[in-house]
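**Q** Below is the structure I would like to discuss, written out as structure tokens.
Every number in this text was worked out from the coordinates using simple rules, so none of it is lab data. Fair warning: this is a prediction, and the values are worked out from it, not measured in the lab. When we count neighbours, we look across all protein chains shown, and the Cβ atoms used for this are built from the backbone with ideal geometry, even at glycine.
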Amino acid sequence: MDDQTKNLIQDHINTNEVCLFMKGTPDAPQCGFSMAVSNILKILEVNYKGVNVLENQELREGVKVFSDWPTIPQLYIKKEFVGGCDIIKEMYESGELKKMLEDKNIAYKK
């Protein structure tokens with residue numbers, strides 16, 4: 001991964017409290033997994049930035065290297081990598097995601 005891609009990823013993570021690297025956009029997800037995580041964040045009414053990795057092949061591959069995680073979507077909360085679709089779904093169902101949002105002072109619908 002080149003420095004430009006690494007810096008772009010880091011900038012998205014640094015400037016957005018909740019950042020979702022996804023296929024497509026929050027309003028038009030391009031895969032079911034991205035849609036699932038996006039929908040969970042919408043249900044919780046979390047303000048988040050969706051970054052469309054399909055617009056840039058370097059970004060699409062770079063984000064996997066950056067996090068050392070092989071799949072997309074990838075969710076970051078306050079600069080911390082949380083996980084992909086399965087992990088976010090489990091955390092949502094168990095209440096762990098709400099607890100994390102609370103612990104990090106992220107506004108959401110209770």
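**Q** For the pair Lys109 and Glu61, what calculated FRET efficiency results from E = 1/(1 + (r/R0)^6), where r is the Cβ-Cβ distance and R0 = 30 Å, to the nearest 0.05?
**A** Given R0 = 30 Å and the Cβ-Cβ separation, E is 0.30.
**Q** For the range 1-65, taking Cα atoms only, what is the radius of gyration to one decimal and the Dmax to the nearest whole Å?
**A** 11.8, 36
**Q** Please compute, for the alpha-carbon atoms of the chain, the extent along each of the three principal axes and give them in descending order in Å.
**A** 40, 26, 22
**Q** Would you mind checking the range 15-52 for residues with the amide N under 18 Å from a putative spin-label position 7 Å along Cα→C-beta of Asn7?
**A** 15-16
**Q** Treat each spin label as a single point 7 Å out from the Cα along the C-beta direction, and report the Lys79 to Thr15 distance in nm.
**A** Placing both labels 7 Å along Cα→Cβ, they lie 1.6 nm apart.
**Q** Another one. What ranking, highest mean first, results for peptides 92-102, 71-81, 50-60 when packing means the other Cβ atoms within 10 Å averaged over each residue?
**A** So the peptides 92-102, 71-81, 50-60, ranked by packing, come out 71-81, 50-60, 92-102.
**Q** Also, quick follow-up: Taking K and R as +1 and D and E as -1, what net charge do the other residues with C-beta under 10 Å from the C-beta of Val53 add up to?
**A** Cβ neighbours under 10 Å give a net charge of 0.
**Q** Tell me the net charge near Ile72. Cut-off is 14 Å between Cβ atoms, Ile72 excluded, with +1 for each Lys or Arg and -1 for each Asp or Glu.
**A** Summing Lys/Arg as +1 and Asp/Glu as -1 gives -2.
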